[in-house]
Amino acid sequence: MTIQEIQNEIIDEFSMFDDWEERYQYMIDLGKTLPLIDAQYKTEDYIIKGCQSKVWVHADLENDKVVFTADSDAIITKGIIAILIRVFSNQHPKDIIEANTDFIDEIGLKEHLSPTRANGLVSMIKQLKMYAVAYQTQLS
Amino acid sequence: MFDTIKIRKDFPILSREVNGEPLVYLDNAATSQTPRQVIDCIVDYYSNYNANIHRGVHTLSQEATDKYEAARQTIQKHFNAQKAHEIIFTSGTTHGINLVANGFSSLLKKRDEIIVSALEHHSNIVPWQMLCEHTGAVLKVIPMNQDGELVMSEFDKLLSQNTKLVFVNHISNALGTINPIEVIIEKAHQVDAAVLVDGAQACPHIKPDVQALDVDFYVASAHKMCGPTGVGILYGKEKWLNLLPPYQGGGEMIAEVTFEKTTYADLPHKFEAGTPNICGGIAFGAAIDYMNTIGFDAIANYEHELLEYATEKLLAIDGLKIYGTSKHKTSVISFNLEGIHPYDVGTILDKMGIAVRTGHHCAQPIMDYFKIPGTVRASFAFYNTKNEIDKLAEGVKKAKMMLS
Ligand SMILES: Cc1ncc(COP(=O)(O)O)c(C=O)c1O
């Protein structure tokens with residue numbers, strides 16, 4: 001699936017929730033169930049300085065596609081990371097670089113991607129794109 | 001009876017909604033809300049007599065100057081400073097601390113010692129670290145115990161003839177502990193060390209008497225005591241303020257300027273370079289008047305009642321731990337739910353319209369001590385109600401249910 005298709009799918013899923021509680025419960029459950037990153041990458045080298053919740057990101061290139069893994073010590077942050085990984089992982093670097101994150105607004109989680117929010121997610125998306133840029137240069 | 005219904009009417013912001021719920025504002029230790037009386041004062045300033053002060057001969061400038069100086073006197077009276085010029089307007093607590101730290105750089109020499117407490121706001125430790133780097137002085141730290149209290153026997157051991165300055169907050173922002181500053185000041189004076197007290201968290205709750213305390217320097221911010229942001233005060237004993245060199249150069253702080261030499265202005269202008277936050281200073285005076293109308297004894301009693309009520313309500317929640325359990329504390333409760341990140345709790349509470357602070361509260365050393373990433377901090381002001389505390393407790397229970 002393309003990034004856009006996955007985003008549309010997520011928007012569809014979220015449209016079934018009636019209120020914030022259902023949306024958040026879904027994210028919390030996502031955050032709880034997913035093992036996101038190999039323990040060896042949960043170090044200072046992979047940490048994204050996000051003030052309150054810690055976020056770790058790691059990327060590999062497999063078959064010309066970037067595979068992301070990530071984690072956080074806060075569960076809601078982790079749930080959003082799970083969604084971001086679903087969107088961006090296993091995609092070509094070029095597509096990742098060009099993708100936008102407007103769908104976050106549409107699923108009612110916009111506040112988490114506000115640049116002033118101290119949860120590290122904005123820096124995390126920047127980092128995902130930086131990895132994509134690095135692999136793109138490697139490929140071309 | 002403390003009439004919160006009437007008091008709440010003074011605060012326009014308290015009737016707004018957040019995420020579709022009535023706002024429950026419990027982040028007062030970060031910044032307090034502003035009553036109509038102070039907002040009116042700000043509007044009045046810009047509507048009627050906005051002008052630069054101490055400079056013009058025209059009427060507006062005179063009116064602004066008079067009001068600004070009257071605010072200084074209000075503040076002087078409030079803190080019971082002996083002289084109005086011992087009150088220096090600053091941009092806030094941080095500015096006041098930096099002003100003193102900078103001033104001491106010319107008074108300290110190698111191996112002199114500065115004592116700070118483990119309970120400090122960490123950004124306020126930085127000026128002292130810089131000062132030590134600059135002068136070769138040594139920084140010593142008074143440790144704290146499990147209850148979040150300073151270990152005074154350790155303080156006694158740190159004090160010596162080398163101690164030149166002691167910096168301690170009156171009340172800890174992260175835990176709410178009221179520190180025994182009377183004892184600290186008295187003991188520091190026995191070795192002729194100066195004491196700077198950070199009153200940022202104390203002034204919203206109590207009325208410090210700088211003469212009775214015999215404190216050398218005391219700093220505070222208006223925005224934590226119903227005033228506007230970006231303004232605060234440094235109180236300094238006249239003899240100390242005369243001893244310290246000016247902090248910044250500029251207009252207002254000079255008496256005479258030639259290219260060879262500048263003579264500094266008298267106190268307080270020596271430390272007030274440039275156009276100050278005129279409106280802010282005047283509004284700070286209005287905020288102090290407002291709080292005094294309510295009365296600090298009444299405020300302290302009521303807030304204590306809120307603290308006890310909230311402590312009981314929150315401790316009834318399984319797995320909730322409170323950090324900062326001193327018997328001497330103000331209306332601040334720092335807590336965590338077992339196994340749950342404070343950021344998650346804060347996020348769920350925000351969805352319910354409840355504003356709390358989460359994180360390390362600029363007190364990383366305290367969080368390291370307890371080996372936690374941070375806490376959820378609910379801090380109560382005199383306009384909060386028991387009903388709001390019930391909502392907090394309900395919110396925390398819901399967060400616990402959703403997150404565990
Ligand atoms: C104990 C303490 N000191 C200093 C400050 C800093 O105050 P300001 O940001 O107004 O300079 C704060 C505010 O958070 C505080 O709680």
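Values quoted throughout were computed directly from the atomic coordinates according to the rules given, and no laboratory measurement underlies them. Treat the numbers as computed from the prediction; the structure is a model and nothing was measured. With ideal geometry, Cβ positions are generated from the backbone for all residues, glycine too; neighbour counts draw on all protein chains shown.
For the range A:3-139, what ratio Rg/Rh do Cα atoms give with a Kirkwood hydrodynamic radius? Don't skip to the answer; put the middle values down first.
Working: Rg = 14.3 Å, Rh = 15.1 Å.
Radius of gyration relative to Kirkwood radius: 0.95.
Give the dimensionless ratio obtained when the Cα radius of gyration of the range A:1-64 is divided by 2.2 N^0.38 Å.
Values: Rg = 15.4 Å, N = 64, 2.2 N^0.38 = 10.7 Å.
Computed over Cα atoms of the range A:1-64, the ratio equals 1.44.
Counting Lys and Arg as +1 and Asp and Glu as -1, each charge on the Cβ, what is the dipole of chain A about the Cα centre in debye, to the nearest 20? Please report the intermediate quantities before stating the final value.
Working: 13 positive and 23 negative charges, 128 e Å.
For chain A, the charge dipole is close to 620 debye.
Going down the table (A:K49/B:K329; A:K110/B:K224; B:K83/B:K207; B:K6/B:K321), which pairs top 25 Å between alpha carbons?
Values: A:K49/B:K329 33 Å; A:K110/B:K224 30 Å; B:K83/B:K207 17 Å; B:K6/B:K321 34 Å.
In this structure, A:K49/B:K329; A:K110/B:K224; B:K6/B:K321 lie more than 25 Å apart at Cα.
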(message) What three numbers, in Å, describe the spread of the alpha carbons of the range B:230-357 along their principal axes, ordered from the longest?
(response) 71, 34, 28
(request) Calculate the length of the line joining the C-alpha centroid of the range B:85-137 to that of the range A:86-119, in whole Å. (result) 43
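Taking 0.36 nm per residue of separation and subtracting the Cα-Cα distance, what length does fully extending B:E63 through B:E154 add? Provide the component values of the computation, followed by the final result.
Working: separation 91, 0.36 × 91 = 32.76 nm, distance 5.18 nm.
Residue separation times 0.36 nm, minus the Cα-Cα distance, leaves 27.6 nm.
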(request) Between A:E5 and B:N19, take the C-beta separation as r, use R0 = 22 Å, and let me know the FRET efficiency to the nearest 0.05. (result) 0.10
(message) Nearest 500 deg cm²/dmol is fine: what mean residue ellipticity at 222 nm does the protein assembly as shown get from its DSSP H runs of n ≥ 4 alone, each adding -39,500 (n - 2.57), divided by its residue count?
(response) -12500 deg cm²/dmol
(request) Based on the mean of other Cβ atoms within 10 Å per residue, sort peptides B:174-182, B:41-49 so the most packed one is first. (result) B:174-182, B:41-49
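Of all trypsin sites (Lys or Arg not before Pro) in the range B:4-80, which ones are in loop regions per DSSP and have a Cβ with at most 11 other Cβ atoms within 10 Å? It would help to have the intermediate numbers written out before the result.
Working: sites: B:K6, B:R8, B:K9, B:R16, B:R36, B:R55, B:K67, B:R72, B:K77; in loops: B:K9, B:R16, B:R55.
Listed in order of number, the matching sites are B:R16.
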(request) Mind computing the radius of gyration and Dmax over the alpha-carbon atoms of the range B:96-240? Å is fine for both. (result) 14.3, 42
(request) List, largest first, the extents of the alpha carbons of the protein assembly as shown along their principal axes, each in whole Å. (result) 74, 57, 56
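From the square roots a ≥ b ≥ c of the eigenvalues of the alpha-carbon gyration tensor of the range B:178-274, which class results: rounded (a/c under 1.5), prolate (a/b over b/c), or oblate? All intermediate terms of the calculation are to be shown ahead of the outcome.
Values: a/c = 3.48, a/b = 1.51, b/c = 2.31.
Note, shape of the range B:178-274 comes out oblate.
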(message) How far apart, in nanometres, would the label points at B:K109 and B:E133 be if each is projected 7 angstrom from Cα along the Cα-to-Cβ direction?
(response) 2.4
(request) Taking a cut-off of 12 Å between Cα atoms, list the aspartates and glutamates near B:K400, but don't count ones fewer than 8 places away on the same chain. (result) B:D318, B:E338, B:D344
(message) So, R0 is 51 Å and r is the distance between the beta-carbons of B:Q146 and A:D12; what FRET efficiency does that work out to, to 0.05?
(response) 0.50
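When Cβ neighbours within 10 Å are restricted to other protein chains, what is their mean count per residue of peptide A:75-83?
Across the residues of A:75-83, the mean count of other-chain Cβ atoms within 10 Å is 3.
Using only the Cα atoms of the range B:306-357, build the gyration tensor, take square roots of its eigenvalues as a ≥ b ≥ c, and label the shape rounded, prolate or oblate: rounded if a/c is under 1.5, else prolate if a/b is larger than b/c, else oblate.
Working: a/c = 1.87, a/b = 1.46, b/c = 1.28.
Note, shape of the range B:306-357 comes out prolate.
Quick one: if the Förster radius is 41 Å, what FRET efficiency do B:N301 and A:D29 give, using the C-beta to C-beta distance and rounding to 0.05? If you can, show how the numbers build up before the last one.
Values: r = 46 Å, r/R0 = 1.11.
Once rounded, the FRET efficiency stands at 0.35.
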(request) Pick out, from B:A220, B:G395, B:Y247, the residue whose Cα sits farthest towards the positive end of the charge dipole of the protein assembly as shown, with +1 on the Cβ of Lys and Arg and -1 on the Cβ of Asp and Glu. (result) B:Y247
(message) Using a Debye calculation, one point per C-alpha and no hydration shell, please list log10 I(q)/I(0) for chain B at q = 0.09 Å⁻¹ in order.
(response) -0.57
(message) Taking every DSSP beta bridge with both residues inside chain B, roughly what % is antiparallel (nearest 5)?
(response) 60
(message) Once you order the gyration tensor axes a ≥ b ≥ c over the Cα atoms, which shape class does the range B:1-136 get: rounded for a/c under 1.5, otherwise prolate or oblate by comparing a/b with b/c?
(response) oblate
(request) For the range B:22-99, take the alpha-carbon Rg, divide it by the Kirkwood Rh, and send me Rg/Rh. (result) 1.04
(request) Using per-residue counts of other Cβ atoms within 10 Å, averaged over each peptide, order B:309-318, B:250-259 from highest down. (result) B:309-318, B:250-259
(message) What is the distance in Å between the Cα centroid of the range B:359-379 and that of the range A:1-73?
(response) 26
(request) For B:K164, list the aspartates and glutamates whose Cα falls under 15 Å from its own Cα; do not include residues on the same chain fewer than 8 positions away. (result) B:D112, B:E113, B:D156, B:E186, B:D192, B:D216
(request) Can you grab the distance from the C-alpha centre of the range B:338-353 to the C-alpha centre of the range B:210-256, Å, no decimals? (result) 38
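Hand me the trypsin sites (Lys or Arg not before Pro) from the range A:16-120 located in a DSSP loop with no more than 12 other Cβ atoms within 10 Å, in residue order please. Mind showing how you got there, number by number?
Values: sites: A:R23, A:K32, A:K42, A:K49, A:K54, A:K65, A:K78, A:R86, A:K94, A:K110, A:R117; in loops: A:K42, A:K49, A:K54, A:R117.
Answer in residue order: A:K49.
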(request) Take A:T137, project a point 7 Å from its Cα along the Cβ direction, then tell me which residues of the range A:85-104 have their backbone nitrogen under 20 Å from it. (result) A:92-99
(request) Express in nm, to one decimal, how much length is gained between B:V126 and B:T293 on full extension, taking 0.36 nm for each residue of separation and deducting their alpha carbon distance. (result) 56.4 nm
(request) Pick out, in residue order, every one of the chymotrypsin sites (Phe, Trp or Tyr not before Pro) in the range A:56-140 that is DSSP loop and has at most 12 other C-beta atoms within 10 Å; say none if there are none. (result) none
